[in-house]
Amino acid sequence: MTLILQALASGVVTGCVYSLIALSLVIVYKSTDVINFAGGEIVMVGGYIGMFALLFLGIPYVLIFVFSALATFALGAAFDRVVLHKVLGRAVPGQSILVAMVIATVGLSYVLKGSARLVPYTEEVRRLPPLFTGEPIFLGSVILQPQDIAIVVIAVAVMLALWCFFAFTLTGKALRATSQNPRAAALVGIPVRTMRMTVWGIASALAAIAGILLAPKLLMTPDMGVIVILAFAAAIIGGFTSLPGCIVGGIVLGVIQNLVGLYVASNAISVAPFIVIMLILALRPQGLLGGRVVAKKV
């Protein structure tokens, strides 16, 4: 029982980070119908920006979250404004350009990864120091490090802030309206293109915060963006159109990985997400909180 509780606690910690990355993917998809395949590389860039801000600029650890989030917000907004805006502008009436937009995100992922390799500091494997150090914290028979508590607290705080933003601010409500019906939003005066640019910025900022949270636990390399596969799995488990589903899916995935490592084998941890994806798609394609499947006439 002690091992099970320890696995559950560790899974929740890891799952909170998965949830943040999944949220960054889903809010882009809900607003633009584009799957962002550069999400993992933005996580990587956010982690490295945080490291440079901490080690070279001397910014306090707590403030590197803000610094990295602002920098990646500008990156995501610029990508939408410079690249995706041009792609939309060249759309031919009656033809879908979603494939072109998805290919653009793939191109962004390679650009970010290649650019990171050009920086001499990234040649060696790095790791951020933990935000908090000290004696382990005992919750009954469960042992948690102070860094684990910090990850959960920061992730939950970011999720709550995101919920308050979408629920209580005019910009957040405009973003929700844009994601639900862009044409109707434009008719009532909402600047749809500006809203889409804002969504890309917010999604990139979420990914950057996740990257800083991961950096003390994972080795930092230009290839660390592959973690986006786990975020996709979390989004599919919870429902790719549900923001609460992303949170549930991330935590469920983190717990499943730890239980598989405990009862099956550590080598099976990397396979578990894909097995879960296939089961979810076979039994409940809309995800745990994705709502009912509705047929659309196309």
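The values are calculated or read from the model by the stated rules, or taken from the named source; none is laboratory data. Quantities reported herein were computed from a predicted structural model and do not represent experimental measurements. Every residue, glycine as well, gets a Cβ built from its backbone with ideal geometry; the counts of neighbours run over all protein chains shown.
Quick notes on this one:
- Some residue of the range 129-136 being buried (at least 22 other Cβ atoms within 10 Å of the Cβ) and either touching a strand residue (DSSP E or B) at 6+ places or on another chain (Cβ under 9 Å) or modelled with pLDDT under 90 (or both): no
- Residue selected from the range 181-197 under the condition of a type in the set (Gly, Ala, Ser) and part of a helix (DSSP H, G or I), by the criterion surrounded by the most Cβ atoms within 10 Å (Cβ to Cβ): Ala185
- Residue match in the range 43-56 (condition: modelled with pLDDT under 90 and small (Gly, Ala, Ser)): no
- Flag if Met159 is buried (at least 18 other Cβ atoms within 10 Å of the Cβ), modelled with pLDDT under 90 and either part of a loop (DSSP other than H, G, I, E, B) or touching a helix residue (DSSP H, G or I) at 6+ places or on another chain (Cβ under 8 Å) (or both): no
- Flag if Val12 is within 25 Å of Leu289 (Cβ to Cβ) and touching a Leu at 6+ places or on another chain (Cβ under 9 Å): no
- Residue in the range 31-46 that is out of contact with any helix residue (DSSP H, G or I) (no Cβ under 7 Å at 6 or more places or on another chain), in contact (Cβ under 8 Å) with a residue 60 or more places away in the chain and not β-branched (Val, Ile, Thr) present: no
- Failed item in (1) over 23 Å from Ala185 (Cα atoms); (2) at pLDDT below 90; (3) within 16 Å of the chain's Cα centre (by Cα), with Val34 passing the rest: (1)
- The residue list Leu118, Leu128, Leu108, Leu112 contains one member that is among the hydrophobic types (A, V, I, L, M, F, W, C), without any contact (Cβ under 8 Å) to a residue 12 or more places away in the chain and closer than 28 Å to Phe37 by Cα, which is Leu118.
- Subset tally (residues that are touching a Ser or Thr at 6+ places or on another chain (Cβ under 9 Å) and crowded, with 24+ Cβ neighbours inside 10 Å) for the range 9-27: 2
- Only one of the listed residues (Gly47, Gly15, Gly40) is within 13 Å of Gly254 (Cα to Cα) and not acidic (Asp, Glu). That residue is Gly15.
- Residue check for Thr178: crowded, with 23+ Cβ neighbours inside 10 Å and among the hydroxyl-bearing types (Ser, Thr, Tyr): yes
- Selection status of Val226, of a type in the set (Val, Ile, Thr) and either more than 16 Å from Lys30 (Cα to Cα) or within 13 Å of the chain's Cα centre (by Cα) (or both): yes
- Where Ile154 falls short, out of the listed (1) of a type outside the set (Asp, Glu); (2) within 17 Å of Trp200 (Cα to Cα); (3) in contact (Cβ under 8 Å) with a residue 40 or more places away in the chain: (2)
- In the range 61-68, the condition of being small (Gly, Ala, Ser) and within 21 Å of the chain's Cα centre (by Cα) is met by at least one residue.
- A Cβ distance below 6 Å, combined with a sequence gap of six or more or placement on separate chains, defines the contacts here; from the range 1-30, residues that are within 19 Å of Gln257 (Cβ to Cβ) and small (Gly, Ala, Ser) reach residues that are modelled with pLDDT under 85 and in a helix (DSSP H, G or I) in the pairs Ala7/Leu262.
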